[in-house]
Amino acid sequence: MIKITIIVFLKETGSIKMFGIPSRHFARYNEILSVLIRHGLGYMIISGNLMPMQEENLAIVGVHLREAIGELGPTFIKIGQLASTRSDLLPQPIVEELAKLQDRVRPLPFGQIRRVVEESLHARLESIFLEFNPQPLASASIGQVHQAVLKTGEKVAVKVQRPFLQGSVKTDLEIFHVLVNQIERRTQWGKRYPIRMLLEEFSDTIQKELDFMNEGRNAEKLASFSKRHSNILIPRIYWELTSPSVLTMEYISGIPLQQIMGSKETSYHVHQIAVRLSKVILRQILLDGCFHADPHPGNVLILPGEKNCLY
């Protein structure tokens, strides 16, 4: 019923034609509208009407926004993750909900994970790993991470890319560019902020992230700079078990930063942790000239002895 309603709406208003959505993207555009309307968020995209939200409804809007983003897939999830770090721009109830996207994205069935690993590494899972936990440690926009044990007994974390990402990300980015054109033309907000520049940077970043070899090389480069700092750990990359779709790295046990942020335990020295992490990031940027570009709480582990692990 929702899809039929949307198709009728689009025919009557000419929204697709007005937006300049290419015909090859009609199905995806219709899917996006379906999800947003079902969650009461259709005003965010239809006709570029960015309606103001009432303060008392922000928590409810945040829940629906997070759920809608989760349904719409990796490109939207990645944007939600970025937005969750901008409490200076977004209301706190929205930020708190979007923060749940950092490592609580709906996980893939293990059968799909097995298939991606075996096709990428050209071997049966059992011939590579002594153990491979089917339950993910974390599930995020681009992939999910599983704990495993190598034949040598070494514990590793295996990041596996979600299948069919290349095509879906390409389609979504093309739709975003069309919508940004409309937002710039039709809203004061779009004229005030450099959203086109932000989208270009986002597009470049997410496309590079689809190749895990880039991530592995960047991790090694960051690790080489971090050797001089005893309180920073960067997991080792196992290149023989790494491909564009699978990244195998050293498993490091610690407490996720977001778990500490959301905890009411008084045993955590949150001020000390904040100061320590700030110094780490600033030192990387200002002194080393090589820095972690995505230090959201899902990528940071707090270890004993005032150490930090950056994934």
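The values are calculated or read from the model by the stated rules, or taken from the named source; none is laboratory data. Being a predicted model, the structure only gives us computed values, none of them experimental. No Cβ is skipped: glycine too gets one built from the backbone with ideal geometry, and neighbour counts run over all protein chains shown.
Annotations for the structure displayed:
- Counted residues, segment 278-295 - those being touching a residue at least 12 places away in the same chain (Cβ under 8 Å) and either part of a helix (DSSP H, G or I) or buried (at least 17 other Cβ atoms within 10 Å of the Cβ) (or both): 8
- Inside segment 217-240, residues that are assigned to a helix (DSSP H, G or I) and either in contact with a helix residue (DSSP H, G or I) (Cβ under 6 Å, 6 or more places away or on another chain) or closer than 28 Å to Leu98 by Cβ (or both) make up a count of 4.
- Residues satisfying the stated conditions in segment 241-255, i.e. within 25 Å of Leu277 (Cβ to Cβ), modelled with pLDDT of 95 or more and assigned to a strand (DSSP E or B): Leu247, Met249, Glu250
- Condition check for Leu222 on (1) touching a Phe, Trp or Tyr at 6+ places or on another chain (Cβ under 8 Å); (2) without any contact (Cβ under 8 Å) to a residue 60 or more places away in the chain: one failure, at (2).
- Checked against (1) more than 24 Å from Ile79 (Cα to Cα); (2) over 21 Å from the mean Cα position of the chain (by Cα), Ala157 passes all but condition (2).
- Criterion: farther than 19 Å from Gln81 by Cα, exposed (fewer than 15 other Cβ atoms within 10 Å of the Cβ) and of a type in the set (Ser, Thr, Tyr) - qualifying residue of Thr171, Thr152: Thr152
- Every condition in (1) surrounded by 17 or more Cβ atoms within 10 Å (Cβ to Cβ); (2) closer than 21 Å to Leu165 by Cα; (3) at pLDDT below 90 is met by Gly48 except one, and the failing one is (2).
- Set side by side, the residues Glu215, Glu201, Glu209 differ, and just one is among the charged types (D, E, K, R), over 18 Å from Gln161 (Cβ atoms) and either outside the structural domain of Glu306 (by TED's automatic domain parsing) or surrounded by 13 or more Cβ atoms within 10 Å (Cβ to Cβ) (or both), which is Glu201.
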